[in-house]
1. How far is the Cα center of region 339-391 from the Cα center of region 168-191, in Å?
2. Taking the alpha-carbon distance from K94 and a cut-off under 22 Å, which lysines remain once sequence neighbours fewer than 8 residues away in the same chain are dropped?
3. Which of rounded, prolate, oblate describes region 453-550, given a ≥ b ≥ c as roots of the alpha-carbon gyration tensor eigenvalues and a/c under 1.5 marking rounded, otherwise prolate only if a/b is larger than b/c?
4. Expressed as a rounded percentage, what relative contact order does the chain have, with Cα pairs under 8 Å and six or more residues apart?
5. Leaving out ligands, DNA and RNA but keeping every protein chain, what accessible area does K318 have, in Å² rounded to the nearest 10, with a 1.4 Å probe?
6. Is region 350-402 best put as rounded, prolate or oblate by its Cα gyration tensor, with a ≥ b ≥ c the root eigenvalues, rounded for a/c under 1.5, and otherwise prolate when a/b is larger than b/c, oblate when not?
7. At most 16 other Cβ atoms within 10 Å and a DSSP loop assignment: could you name the GluC sites (Glu not before Pro) in region 309-381 that fit?
8. Give me the 1.4 Å probe accessible area per residue for the chain, excluding ligands and nucleic acids, in Å².
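The values are calculated or read from the model by the stated rules, or taken from the named source; none is laboratory data. Since the structure is predicted, the reported quantities are computational estimates derived from the model, not experimental observations. Virtual Cβ from ideal backbone geometry, glycine too; neighbours counted across all protein chains shown. Accessible surface areas use protein heavy atoms only, side chains included; no ligands, DNA or RNA. Shrake-Rupley method; radii C 1.70, N 1.55, O 1.52, S 1.80 Å.
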Amino acid sequence: MEKSALQIARAAYQPKLPKALQGPVNVKEGAATQSVGNQEEIKALFPNTYGMPVVEFVPAESENKDAINVGIILSGGQAPGGHNVISGLYDGVKSLNRDSKLYGFLMGPGGLVDHKYVEFTDEFIDEYRNTGGFDIIGSGRTKLEKEAQFESGIEILRQLGIKALVIIGGDDSNTNACVLAEYYAAKKYGVQVIGCPKTIDGDLKNEQIETSFGFDTACKTYSELIGNIQRDCNSARKYWHFIKVMGRSASHIALECALQCQPNICLISEEVEAKQMSLDDVVEYIAKAVALRAADGNNFGTVLVPEGLIEFIPAIKKLIAQLNEVLTDPATGEPREFKSADEQIAFVLNSITAENMAVLESLPADVKRQLCLDRDPHGNVQVSLIETEKLLSAMVAKKLDAWKQEGKFNGKFSAQHHFFGYEGRCAAPSNYDADYCYSLGYNASRLISNGKTGYMSVIRNTTAPAAEWIAGGVPITMMMNIERRNGANKPVIRKALVELDGAPFKYFVSKRDDWARRTAYVYPGPIQYFGPTEVCDQCTKTLALEQAKG
């Protein structure tokens with residue numbers, strides 16, 4: 001394939017590994033674990049993979065060198081660094097034995113079920129080292145949760161002699177990995193399943209997982225774009241830019257971008273929910289900041305909006321929860337089928353409570369229609385389709401007009417709108433993500449060679465130089481609890497939301513009033529790959545603050 005000068009230079013980059021993975025390893029086991037919630041229910045659902053210890057790798061004199069065939073799957077949305085997880089796993093299994101083989105299943109979990117795969121070679125892998133995207137084998141959103149899928153998968157695994165499967169995904173994909181590991185263990189099929197923590201949203205983390213891969217690169221990519229807009233904003237001085245960024249279930253991206261760029265306003269969905277703010281409360285908060293800056297002669301500014309904000313406004317969250325419930329067929333757990341959009345809307349209007357109906361009727365017609373109709377493959381409202389940034393700016397303009405009539409606002413307000421999503425999902429990985437992902441993949445090979453299944457590959461202490469990173473594994477069941485999904489209680493990995501008592505949010509709160517009034521913009525610029533360590537290898541500000549090193 002044709003390559004740019006940067007791709008050629010990046011292909012030669014050798015990702016850094018933790019010292020423990022630079023030679024043979026031994027396993028150091030911790031105490032038995034339990035799930036973060038619903039311990040008895042999770043234990044009953046996962047009797048073969050529950051309670052296993054956290055493990056850490058330490059240097060050894062020698063290790064198992066048996067050849068092993070491994071399969072790998074990319075699941076869910078793309079995240080920078082996925083190719084390096086695969087190249088790290090490839091190098092890891094080959095370092096154990098050159099006769100080991102790595103197979104990639106095409107277009108996500110569906111490739112396992114439909115027996116579509118490729119075998120990796122040195123030449124094949126070398127084309128994708130340190131590159132962004134998931135195009136090496138493609139990704140998909142097929143959920144592995146039915147026995148027929150598991151049995152179809154075992155057929156091709158046996159045919160190829162695959163003894164271990166690595167699933168790269170977010171919380172849902174790794175929940176599926178845990179279910180698959182339990183099934184194969186219960187059936188004594190002899191196939192190990194290992195997960196890798198991926199999602200740019202940053203909501204797959206806990207005491208053991210410091211960050212999900214791709215978050216660093218995506219945030220740096222978005223921050224470059226936000227910085228560019230802020231520079232334009234500060235040059236033209238006539239627009240308020242409403243910028244929506246990815247993050248439906250949590251506001252980690254918005255918070256990290258705010259820490260990097262210092263916009264005038266950044267909304268944090270978790271705070272909106274905790275304070276029981278209404279949509280009008282949010283609009284008034286923005287409008288007051290606009291009025292204060294206008295009083296200083298600054299009729300311009302930037303507002304960061306997390307993608308999932310609407311769903312965190314308590315009244316709307318309650319509405320969406322009921323919509324998800326009534327639009328799910330209780331008999332099948334699948335989305336209800338309707339003959340027409342009008343029939344679906346009529347069903348919704350006749351099925352929800354009067355309280356939720358009042359909330360629905362208070363929304364603009366296009367938002368109201370979207371909530372009633374559009375569903376994702378899992379049957380949930382597609383919040384990402386709601387143009388929250390436009391909804392907010394329109395409501396702010398309306399409020400400011402009212403204030404102007406009352407003599408409370410004498411400035412000007414004109415809005416521009418942006419949504420940064422796909423721009424960050426397939427960016428070339430930062431040095432941090434290139435190193436972190438390669439280490440996750442290489443580490444997975446050691447979990448496999450040491451007979452582990454139902455584990456997540458984890459790399460910790462990542463604010464330190466890579467040689468000091470800690471490699472090991474965490475039982476996936478340790479991260480699980482029971483939640484209500486599509487009208488049924490299901491075991492899932494608990495999402496990590498922005499902690500309002502955490503160091504990153506507290507730091508943001510200490511600065512935001514100043515940023516709101518003053519033009520304190522920071523322009524991060526593009527990701528740097530070559531140069532001083534403090535420029536090229538820095539982690540996110542979120543992680544640095546969480547590790548008390550910010």
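1. The distance from the Cα centre of region 339-391 to that of region 168-191 comes to 35 Å.
2. Those lysines meeting the cut-off are K16, K19, K65, K163, K452.
3. On the way: a/c = 2.58, a/b = 1.34, b/c = 1.93.
Here region 453-550 falls in the oblate category.
4. Numbers: 1168 pairs, mean separation 132.2, N = 550.
Relative contact order, the chain: 24 percent.
5. 110
6. Taking the square roots of the gyration eigenvalues as a ≥ b ≥ c, region 350-402 is oblate.
7. Numbers: sites: E311, E325, E337, E343, E355, E361; in loops: E337.
Filter output for region 309-381: E337.
8. Values: 22340 Å² over 550 residues.
Each residue of the chain exposes 41 Å² on average to a 1.4 Å probe.
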